[in-house]
Structures are given as C-alpha cells and as structure tokens.
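Only one structure is covered here, and it is reproduced in the block below.
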Amino acid sequence: MCLIFFAFLSIQGCDRTVDDSQFYLLNGEQKRLSDYSDGWLLINFWAEWCKPCLEEVPELNEVYHAEAELGASLLAFSYDPVDNEQLAAAKDKFNIQYPIVATDPSPVVPFKRPAKLPAMLFISPQGEVFGPLYGKQDIHTIRKAIKQIKQTE
C-alpha cells in the first residue's frame, strides 16, 4: 500500500507536450497521437523477459476493455528487439488484447523509453506527458493516477 502511495507522489507533469507523431499498430493501422486527443492516452512499456510486465497483462486487458469508462486509451510499446512477426506471436502467446505499436517501421515518438519496466506514461487530452509510473498497474491504480494528475493540473 505504501509503495502505491509513493508511486503516485512521483507522477508529475513534465514541461513537455507531445507533437503529432505518426506510428503503426501491429495490425498495420496507421495512427497519430492526435487520434487519441479525445481522452487520456496510456502508454505501457513492456518486454517479454519482464515477469511483472507479463503479470500485469490480465489487468491491462481489463483497462483496455474499460476505456470508455476510464476516458482513456491504452497502447503498448515493446522493449524487445523483435520484428513484427515475433511481436505478434508474443501478443498471442500472452493473450494481450490491447493494441501494440509495431516495431517496423520503427516508431518515432516524442517521449523517451523509461529506465525500467514495467512503466506507464499518461498523456492528457491536451498532450501533456505525465510519468512514468513504474511497476505493475491495474485498473484501480490507473484510475487513482489519472485522478491525482487531474488534481495537479
């Protein structure tokens, strides 16, 4: 419980906003960050070798299916140096139901990869970047994080 409390204290707005970067999802669909400007965008960083990343998949599937209720969309970025075919196999193997950003072509996005995993960035509807929030997340911690961020804006 204390770890969650301290994790929330570390979520801060950065002096950064995102530009309208373009990328592809694993299914081949071309997207822009502005496609998600009607709500919060949750960026999950994960890897197949990261046990806590895989443990949070069922929780993140729940988050993905509650996007309308949360007012947030979820995207995953893999740390693994794999091609799209290997990434698709991992998606199936671990029953990841939320969208994953393709590794080829390599996405060019206006935020850095976090130093450790799992990690989540929160991008506000105005394009402000908050986080990262480290550690396993679930629908409850994500709700609390969004609420805390809104209170600091």
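In table form, for the structure just shown:
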| quantity | calculated |
| --- | --- |
| Residue within segment 115-125 that is assigned to a loop (DSSP other than H, G, I, E, B), over 16 Å from the mean Cα position of the chain (by Cα) and either of a type outside the set (A, V, I, L, M) or more than 25 Å from G28 (Cβ to Cβ) (or both) present | no |
| Residue satisfying all of: in segment 30-53; modelled with pLDDT of 95 or more and out of contact with any Phe, Trp or Tyr (no Cβ under 8 Å at 6 or more places or on another chain); nearest to S73 (Cα to Cα) among these | P52 |
| Test: residue in segment 83-90 that is without any contact (Cβ under 8 Å) to a residue 40 or more places away in the chain, touching a Leu at 6+ places or on another chain (Cβ under 8 Å) and surrounded by fewer than 19 Cβ atoms within 10 Å (Cβ to Cβ) | no |
| Among (1) surrounded by 14 or more Cβ atoms within 10 Å (Cβ to Cβ); (2) part of a helix (DSSP H, G or I) - the single one F111 does not satisfy | (2) |
| Test: A102 is at pLDDT below 95 and either among the hydrophobic types (A, V, I, L, M, F, W, C) or closer than 16 Å to E59 by Cα (or both) | yes |
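The values are calculated or read from the model by the stated rules, or taken from the named source; none is laboratory data. Values in this document were obtained by computation on a predicted structure and should not be read as measured data. Because the Cβ atoms are built from the backbone with ideal geometry, glycine has one as well, and the counts that use them run over all protein chains shown.
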